[in-house]
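The values are calculated or read from the model by the stated rules, or taken from the named source; none is laboratory data. Predicted model only: the values in this text are computed from it and were never measured. So basically every Cβ, Gly included, is an ideal-geometry build from the backbone, and we count neighbours across all protein chains shown. All accessible areas refer to the heavy atoms of the entire protein, side chains included, with ligands and DNA or RNA removed. Shrake-Rupley method; radii C 1.70, N 1.55, O 1.52, S 1.80 Å.
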Amino acid sequence: MTSKADLGFKALAALSAATLLYLLFFVFWHTPMAQEEAGGIAQKIFYIHLPAAYGLYMSGLVCFVGSAAYLLKPTDVRNGIAQAGAECAVIFGLVMLTTGPLWAKKAWGVYWVWDPRLTTTLLTEM
């Protein structure tokens with residue numbers, strides 16, 4: 001027997017998956033192509049890369065707040081919030097570190113430069 005919470009979770013997961021598929025379809029088939037000087041099709045990677053970066057930073061903030069709250073008064077809920085923030089940060093970070101080099105190769109001719117900010121983000125994800 002499934003509970004209301006399980007049904008709600010499954011409905012939310014299905015809605016999220018459908019929305020993601022629609023947005024990917026919209027980005028690659030309906031948005032206009034940028035001029036070749038602006039990156040052409042590679043410019044469309046930013047529709048994925050930038051929201052993933054914002055998601056990474058917001059998830060890190062949620063993890064920080066949950067961790068700080070847990071240090072003040074340890075509860076399972078606060079630990080769960082910190083853990084969920086950390087798990088989401090890893091997913092968003094992997095998306096960001098995958099899409100960024102794809103765009104960089106088109107824009108600058110190299111996939112990766114050992115910039116301190118990029119290297120620190122990579123090491124944080126490991």
* Could you state the principal axis extents of the C-alpha atoms in the chain, from the largest down, to the nearest angstrom? -> 53, 39, 18
* **List Leu97, Leu50, ordered by accessible area with a 1.4 Å probe, largest first** => Leu50, Leu97
* To do: For segment 112-126, just list the computed ³J(HN,Hα) in residue order, Karplus coefficients 6.51, -1.76 and 1.60, θ = phi - 60°, integers in Hz, with x standing in for Gly and Pro.
  => 8, 10, 7, 5, x, 5, 5, 5, 5, 5, 4, 5, 5, 6, 6
* **Added length on full extension, which subtracts the Cα-Cα distance from 0.36 nm per residue, Asp115 to Leu23** => 30.0 nm
* To do: Run the quick spin-label model on Met126 and Val90: label points 7 Å from Cα toward the beta carbon, then report their separation in nm to one decimal.
  => 1.6 nm
* Asked: Quick one: if you stick a label point 7 Å off each Cα along the C-beta vector at Leu15 and Ser3, how many nm between them?
  -> 2.0 nm
* **Accessible area of His30 in the full protein assembly, 1.4 Å probe (Å², nearest 10)** => 110 Å²
* Structure fact -> Sequence order, segment 8-23: Karplus ³J(HN,Hα) from phi using 6.51 cos²θ - 1.76 cosθ + 1.60, θ = phi - 60°, Hz rounded, Gly and Pro as x, gives x, 5, 5, 5, 5, 5, 5, 5, 5, 5, 5, 5, 4, 4, 4, 5
* Asked: What is the dipole size for segment 26-124, taken about its Cα centre, with +1 at each Lys and Arg Cβ and -1 at each Asp and Glu Cβ, in debye to the nearest 20?
  -> 120 debye
* When the Karplus curve 6.51 cos²θ - 1.76 cosθ + 1.60 is applied with θ = phi - 60°, which whole-Hz ³J(HN,Hα) does each residue of segment 86-101 get, with x for Gly and Pro? -> 5, 5, 5, 4, 5, 5, 4, x, 5, 5, 5, 6, 8, 6, x, x
* Report Val77's accessible area, 1.4 Å probe, all protein chains in place, as a number in Å² to the nearest 10. => 100 Å²
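Work out, step by step, the length gained on full extension between His30 and Ala68: first 0.36 nm times the residue separation, then minus their alpha carbon distance; give nm to one decimal.
On the way: separation 38, 0.36 × 38 = 13.68 nm, distance 4.35 nm.
Residue separation times 0.36 nm, minus the Cα-Cα distance, leaves 9.3 nm.
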* Asked: Phe46: accessible area at probe 1.4 Å, nearest 10 Å²?
  -> 70 Å²
